Amino acid sequence: MKKSVRDEMINRLEFFFGEWEIEVIHPHFQTNSIYGQTKFDWMEREKFMVQRISINQPEFPSSTIVYDYDCITGSYLQHYFDSRGVTRLYNMSFENNYWKLWRETSDFSQLDFCQRFVGEINESGDTIQSSWETSHDGSQWEHDFRLIYRKVIQKT
């Protein structure tokens with residue numbers, strides 16, 4: 001049976017599958033780094049990728065994220081839900097060792113600020129160095145925080 005374009009694009013997310021340690025370097029916290037864990041797993045017979053994040057700092061919400069691919073727009077979508085009750089929809093790209101997310105329009109929640117994320121994947125595929133930025137006007141961007149993913153369990 002021939003795979004659909006959507007299935008092929010979703011299968012590219014196999015890269016994320018497994019458990020990762022995350023390190024948050026946030027300018028508003030006294031400590032140098034804040035640590036947590038995240039796990040990427042398949043959902044609904046490999047039709048969606050799901051990510052669950054837990055950070056050992058009460059100021060950071062836990063979250064569940066579902067990744068999808070929209071054949072009409074030709075791009076990935078990230079559906080974000082967190083323990084504060086925040087729901088957001090991000091556009092996403094994943095190619096050439098770069099993982100990008102952006103949110104520039106209101107969706108399930110009011111758009112009080114724009115956000116964007118760029119993650120660079122190292123050659124061995126076990127570390128992602130990334131950064132979040134925010135903008136209140138959509139043109140002037142400010143660094144928000146760094147986020148480093150380190151894979152701890154490889155797929156067997």
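Just checking, does segment 2-18 include any residue being of a type in the set (A, V, I, L, M, F, W, C), more than 17 Å from the chain's Cα centre (by Cα) and outside any loop (DSSP other than H, G, I, E, B)? Break it down stepwise before answering.
Taking segment 2-18 first, the residues of a type in the set (A, V, I, L, M, F, W, C) are 5, 9-10, 13, 15-17.
Filter again for more than 17 Å from the chain's Cα centre (by Cα), leaving 5.
After this cut, where a residue has to be outside any loop (DSSP other than H, G, I, E, B) as well, the list is 5.
Yes: one or more hits.
Could we say that T87 is β-branched (V, I, T) and either touching a strand residue (DSSP E or B) at 6+ places or on another chain (Cβ under 6 Å) or closer than 19 Å to V152 by Cβ (or both) here?
Numbers: β-branched (V, I, T): yes; either touching a strand residue (DSSP E or B) at 6+ places or on another chain (Cβ under 6 Å) or closer than 19 Å to V152 by Cβ (or both): yes.
So T87 fits the description; yes.
Can you tell me which residues in segment 113-128 are at pLDDT 95 or above and hydrophobic (A, V, I, L, M, F, W, C)?
F117, V118, I121, I128
Name the residue, out of T38, T31, that is loosely packed, with under 13 Cβ neighbours inside 10 Å and either outside any strand (DSSP E or B) or modelled with pLDDT of 85 or more (or both).
Working: T38 fails: loosely packed, with under 13 Cβ neighbours inside 10 Å.
Residue meeting the stated conditions: T31.
The values are calculated or read from the model by the stated rules, or taken from the named source; none is laboratory data. This one's a predicted model, so the numbers in the text were calculated from it and none came from an experiment. Positions of Cβ are generated from backbone atoms using ideal geometry, with glycine treated the same way; all protein chains shown enter the neighbour counts.
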